[in-house]
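The values are calculated or read from the model by the stated rules, or taken from the named source; none is laboratory data. Because the structure is predicted, anything quoted here is derived from the model rather than measured. Cβ atoms come from the backbone with ideal geometry, glycine included; neighbour counts cover every protein chain shown. Calculation scope for accessible area: heavy atoms of the full protein, side chains included, ligands and nucleic acids excluded. Shrake-Rupley method; radii C 1.70, N 1.55, O 1.52, S 1.80 Å.
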Amino acid sequence: MIIHFSSDDVYQALKLSYSNDEHFKKLLEVLTLPPLYTTLRINSVDNDPDNNILLEEIQLHLQKQTDALCRPEYNMFIHPVLKDCLLIQNRGPKTIDVVDKEIIVDLSCGMAVLRGAHVFKVGIMGAPMSLRAGDVVSVYADLDGHCLKGTATCYSNQKLFVGNGVAHVSRSDLFNSQTLQSGIGILMTHPVYEAPSLAEMLSVRISSQNLPSIACVYALDPQEGEIILDMCAAPGGKTTHIAGLVGDKGLVIALDKSSQRVKKMETLKKKNIEMYVFDSTKAWCPGADGSNRPPYSPETFDRILVDAPCSALGQRPCYKNEILLNQLRSYPVIQNQLLKTAVKLLKPGGVMVYSTCTITKEENEDQVSRLLATNPQIKLIHTPYKLGGDALPTCDLSSEDKSKVQRFDPSFLYSDDKDLYNVDTIGFFIAKFQKLK
Ligand SMILES: C[S@@+](CC[C@H](N)C(=O)[O-])C[C@H]1O[C@@H](n2cnc3c(N)ncnc32)[C@H](O)[C@@H]1O
């Protein structure tokens, strides 16, 4: 199966970026599969004695889960270079016999199940009239999105089997408007992909983050005492990571255009993080007042992260994408504006990292070559650790520059790479620049 694009124009535009049809096909196929590793970021510094306690707590939590579901223990280990990245090896796909009782869940719920979640009541669209708590059921994700809430008959449109589970509710509890629709509806005892369920485990000290997102902050390489700008910060995964590394004498200024998303970041508040709702394309102003509030004077920041809004086509698993061509084409425009502002705000000698969670050349390599072509005071530099692959061969970058970026391309998991956890990730892109002195 490969990811389905509702717009053929989008499919064709993407295909153009990939000179090799085989590569493109593999990529579209891998995007429908969940990554083989679950990654967590431990929010504590190196040599922290609490780190071991925290790891034991996680291990215990996982053991409770595997014991309760009669599953073997998960293989869990710290990434060899990303020292705060914990990897848990998932298992699958498993061959599971389907049963008669069919539950239809919406697509996002189905995708969450493939990454280890149980089925929450709100995600259930269809269930048989005979459903009772305690029944064993087969769960399917609605790939077409046509299943109406409350459907009782067998759903004949496109659906994806995601595993078997045990119902915690009867049909009448599910679709009765008087009943509270929160909590687990189906406990996934036999999912097609076995992965830990993380919801209860996450805390201020443990966050769920994809490996390339963790690698992105390592690429930025924040140093103690620095003043750092995170231009597209919400929901704050990378902001908190950076704040942990700059220490109490450092400062992270986190901007995001969306007030709703910044509001959700409030819980992450720390002494060394200041958050503002602000359009970062306007964060530069020659006559700025010198306060911590935006806008800022030129050359204010030691380091800048531009984790840009993007088409997010690297997310996995994904079966269906409804993005339109004009939406796809709108991202490079805003990304370029953000990068141009970042260059102005960066101190001479300062570094900035540009990242996206997408796979298009226009939003990745083309942004890098455009920035280099129009800003002679900026050069592309190597990141401290290179975990992702090189740039797409079809791009305009020199062969040396192609090797400086990190393109996380999960289609390469078919190659014989021994560090599969660096490959079997979401699609992601990282480029690091330095401003000349
Ligand atoms: C990829 S997400 C950032 C994720 C975040 N860095 C993290 O690690 O949790 C992109 C963010 O950019 C924000 N955004 C979009 N346009 C913006 C702009 N002009 N200025 C500031 N933020 C913007 C969006 O609201 C969104 O929260």
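Restricting attention to segment 252-307 and to residues that are more than 15 Å from the ligand (Cβ to nearest atom) and among the hydroxyl-bearing types (Ser, Thr, Tyr), the residue that is farthest from Arg205 (Cα to Cα) turns out to be Ser297.
Looking at (1) assigned to a loop (DSSP other than H, G, I, E, B); (2) among the aliphatic types (A, V, I, L, M); (3) out of contact with any helix residue (DSSP H, G or I) (no Cβ under 9 Å at 6 or more places or on another chain); (4) exposed (fewer than 12 other Cβ atoms within 10 Å of the Cβ), which is the only condition Val98 fails? So Val98 meets the others, but not (4).
Tyr193 satisfies every condition listed in (1) open to solvent by 30 Å² or more (accessible area, probe 1.4 Å); (2) at pLDDT below 95 except (2).
One residue alone among Val252, Val246 is within 14 Å of Ile304 (Cα to Cα) and at pLDDT below 95, and that residue is Val246. Here Ile242 meets each of (1) crowded, with 20+ Cβ neighbours inside 10 Å; (2) near the ligand (Cβ under 9 Å from one of its atoms); (3) in a helix (DSSP H, G or I); (4) not small (Gly, Ala, Ser) with one exception, condition (2). Checked against (1) within 11 Å of the ligand (Cβ to nearest atom); (2) open to solvent by 40 Å² or more (accessible area, probe 1.4 Å), Ala234 passes all but condition (2).
Is there any pair linking a residue in segment 216-240 that is free of Cβ contacts under 8 Å to residues at least 60 places away in the same chain to one that is in a loop (DSSP other than H, G, I, E, B) and more than 14 Å from the ligand (Cβ to nearest atom), with Cβ under 8 Å and at least six apart or on different chains, and which? Short answer, once both residue conditions are applied: Glu224/Gly247; Glu224/Lys249; Glu224/Gly250; Gly225/Gly247; Gly225/Lys249; Gly225/Gly250. Number of residues in segment 381-411 that are within 20 Å of the chain's Cα centre (by Cα), assigned to a helix (DSSP H, G or I) and more than 18 Å from Thr39 (Cβ to Cβ): the value is 1. With respect to the conditions (1) within 29 Å of Thr356 (Cα to Cα); (2) modelled with pLDDT of 95 or more; (3) open to solvent by 50 Å² or more (accessible area, probe 1.4 Å), Leu202 falls short on a single one, namely (2).
Here Leu346 passes the criteria (1) open to solvent by less than 20 Å² (accessible area, probe 1.4 Å); (2) under 21 Å from the mean Cα position of the chain (by Cα) except the one numbered (2). Of all residues in segment 140-161, one or more are surrounded by fewer than 21 Cβ atoms within 10 Å (Cβ to Cβ), under 25 Å from Gln65 (Cβ atoms) and of a type in the set (Phe, Trp, Tyr). The strands (runs of 3 or more DSSP E) located wholly in segment 139-228 that include 3 or more residues which are within 16 Å of the ligand (Cβ to nearest atom) occupy 206-208.
For segment 308-332, filtering for residues that are touching a Leu at 6+ places or on another chain (Cβ under 7 Å), within 11 Å of the ligand (Cβ to nearest atom) and not in a loop (DSSP other than H, G, I, E, B) leaves 0.
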